[in-house]
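K.L.:
Below you'll find the structure I mean.
The values are calculated or read from the model by the stated rules, or taken from the named source; none is laboratory data. Not measured: the values here are computed from a predicted model. No Cβ is skipped: glycine too gets one built from the backbone with ideal geometry, and neighbour counts run over all protein chains shown. Please note that ligands, DNA and RNA were not included when accessible areas were found on the heavy atoms of the full protein model with its side chains. Shrake-Rupley method; radii C 1.70, N 1.55, O 1.52, S 1.80 Å.
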Amino acid sequence: MKTVMTGLFALAVAFPVAAQFPDRPVTMLNGYPAGGNVDIVSRLLVEGMRSKFPKGLVIVYKPGAAGAVAVTELIRSQPDGYTIILTPHSALVIAAQVKDLAYKTPDDYDPFANVVSYYPMLAVRAESPYKTLKDLVAAAKGDPGKISVGSPGEGTSSHLNLEDLMIKAGVKMTHTPFKGWAQSSPALLGGHIDAVVAQPAELKGQVDGKRVRILAAFQPNRHPIFPDVPTAKEAGYDVANGVWFLLMAPKGTPAPVLKYLHDAAREAIQDPKFSQTLAERGIDADYRPGDVLRAGLWREYKAHTEILQRIGMLKK
């Protein structure tokens, strides 16, 4: 009887919340600084979702710890739908396994829509002496630890691709973590680091301006925006760890509220204008609903456990 009453109470609470939602502004957390790819996607997404949120849909930046600072804030937020996050899945399947965080597995939050996917790339300054990935690897072999490579942060997919490359190439480079492209880009252009692992959308402007040269794509096939850039596999190193950006809410958010959020996001993601704008930046719109997404996160979580174990990063 107690269980039945608890269930009825939960329904009584959920449906009034759903009926009123959203009756105040909704916050979309962003775990990276303005100017990076997460920022670009979140702004486009908010533009497409805004009509469903008459009281406002506002991006709030909480950079740090490879996105984990923002995810932690989400986890600790009220599960009422008024705080959501757009985050790379690396903050969920990598950071959670290498750091002590308030969340551990894909069962600790409610994902409701995947938004985009892409694969990172390795780039150097245009005037760099390294013309190919093999040039960079050869230099690293000749002077272990001298080559410094930036990433958006420790525990990101970009970082993991670098670590995987070092293992498979048998070399040692120095990983230099930043809080995002807004920091790693000036460091690369200023000569403070030798190379950077970054996202296609972030690199495109610098490549078009002939300030940066991409050495390799960490993906199964060549990127359509950069058809002349070989994959790491073509150079002999089978490294290809992709990235998803997904939307999620705190665990326990009422189902009707999650549906409202999901439907608003799906409509924005499936808008041809959204897909076209992202395609021009080298990113693929990749809508997947919550149930499919959670299953995918679990697959990625287990796959990354093996990779992290292999490169010695798995938290004991």
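K.L.:
Can you pull out every residue in the range 290-316 that is under 24 Å from Ala255 (Cβ atoms) and open to solvent by less than 40 Å² (accessible area, probe 1.4 Å)?
P.N.:
Gly290, Leu293, Gly296, Leu297, Tyr301
K.L.:
So, one more: When residues of the range 163-181 are filtered for being open to solvent by 50 Å² or more (accessible area, probe 1.4 Å) and either out of contact with any strand residue (DSSP E or B) (no Cβ under 7 Å at 6 or more places or on another chain) or of a type outside the set (S, T, N, Q) (or both), how many remain?
P.N.:
Here is the first cut: in the range 163-181, the residues open to solvent by 50 Å² or more (accessible area, probe 1.4 Å) are 167-168, 170, 172, 174, 177, 179.
After this cut, where a residue has to be either out of contact with any strand residue (DSSP E or B) (no Cβ under 7 Å at 6 or more places or on another chain) or of a type outside the set (S, T, N, Q) (or both) as well, the list is 167-168, 170, 172, 177, 179.
Number of matching residues: 6.
K.L.:
Continuing with this model, one more query. Scan the range 163-191 for residues that are within 22 Å of Gln206 (Cα to Cα) and either in contact (Cβ under 8 Å) with a residue 12 or more places away in the chain or of a type in the set (D, E, K, R) (or both) and report the count. Let's see the steps before the verdict.
P.N.:
First pass over the range 163-191, keeping only residues within 22 Å of Gln206 (Cα to Cα): 175-191.
Applying the additional criterion that residues be either in contact (Cβ under 8 Å) with a residue 12 or more places away in the chain or of a type in the set (D, E, K, R) (or both) yields 175-185, 187-189, 191.
Of the residues in that region, 15 qualify.
K.L.:
Still on this model: So if I check each of Leu74, Leu136, Leu160, which one is buried (at least 20 other Cβ atoms within 10 Å of the Cβ), within 15 Å of Met313 (Cα to Cα) and touching a residue at least 12 places away in the same chain (Cβ under 8 Å)?
P.N.:
Selected residue: Leu160, the only one of Leu74, Leu136, Leu160 that is buried (at least 20 other Cβ atoms within 10 Å of the Cβ), within 15 Å of Met313 (Cα to Cα) and touching a residue at least 12 places away in the same chain (Cβ under 8 Å).
K.L.:
Right, here's the next one. Take the range 37-71 and flag every residue that is among the charged types (D, E, K, R) and open to solvent by 20 Å² or more (accessible area, probe 1.4 Å). First the steps, then the outcome.
P.N.:
Kept after step one, since they are among the charged types (D, E, K, R), are these residues of the range 37-71: 39, 43, 47, 50, 52, 55, 62.
Of everything in the range 37-71, those that are among the charged types (D, E, K, R) and open to solvent by 20 Å² or more (accessible area, probe 1.4 Å) turn out to be Arg43, Glu47, Arg50, Lys52, Lys55, Lys62.
K.L.:
Got a number for residues in the range 243-268 being open to solvent by 20 Å² or more (accessible area, probe 1.4 Å) and more than 12 Å from Gly290 (Cα to Cα)?
P.N.:
From the range 243-268, those open to solvent by 20 Å² or more (accessible area, probe 1.4 Å) are 244, 251-252, 254-256, 258-260, 262-263, 266-267; that's our starting set.
Filter once more, keeping what is more than 12 Å from Gly290 (Cα to Cα): 244, 251-252, 254, 256, 260, 267.
Looking only at that region, the number is 7.
K.L.:
Consider the range 70-91. How many of its residues are at pLDDT 95 or above and either part of a helix (DSSP H, G or I) or of a type in the set (Gly, Ala, Ser) (or both)?
P.N.:
So in the range 70-91, the residues at pLDDT 95 or above come out as 70-87.
Checking the rest, the ones that are also either part of a helix (DSSP H, G or I) or of a type in the set (Gly, Ala, Ser) (or both) come to 70-75, 77, 81.
Within the range 70-91, residues that are at pLDDT 95 or above and either part of a helix (DSSP H, G or I) or of a type in the set (Gly, Ala, Ser) (or both) number 8.
K.L.:
Continuing with this model, one more query. Among the residues of the range 29-46, what is the count of those that are more than 14 Å from Val115 (Cα to Cα) and in contact (Cβ under 8 Å) with a residue 60 or more places away in the chain?
P.N.:
Qualifying residue count for the region: 6.
K.L.:
On to the next question. Please determine, by comparing only the residues of the range 218-242 that are within 29 Å of Asp108 (Cβ to Cβ) and hydrophobic (A, V, I, L, M, F, W, C), which one is surrounded by the fewest Cβ atoms within 10 Å (Cβ to Cβ).
P.N.:
Ala240
K.L.:
Moving on. Restricting the search to the range 269-289, which residues are part of a loop (DSSP other than H, G, I, E, B) and open to solvent by 30 Å² or more (accessible area, probe 1.4 Å)?
P.N.:
Initially, the range 269-289 is screened for residues part of a loop (DSSP other than H, G, I, E, B), giving 270-271, 280-283.
Selection gives Gln270, Asp271, Glu280, Arg281.
K.L.:
Taking the options Ala182, Ala169, Ala187, Ala139, name whichever one is among the small types (Gly, Ala, Ser), modelled with pLDDT under 95 and more than 14 Å from Pro120 (Cβ to Cβ). Walk me through how you get there before you give the answer.
P.N.:
Working: Ala169 fails: modelled with pLDDT under 95; Ala187 fails: modelled with pLDDT under 95; Ala139 fails: modelled with pLDDT under 95.
Only one candidate qualifies: Ala182.
K.L.:
Shifting gears a bit: Considering only the range 45-68, state which residues are more than 21 Å from Gly155 (Cβ to Cβ) and either in contact with a Leu (Cβ under 7 Å, 6 or more places away or on another chain) or aromatic (Phe, Trp, Tyr) (or both). Talk me through it step by step, then tell me what you get.
P.N.:
Within the range 45-68, the subset more than 21 Å from Gly155 (Cβ to Cβ) is 45-60.
Hits for the range 45-68 are Leu45, Val46, Met49, Arg50, Phe53, Val60.
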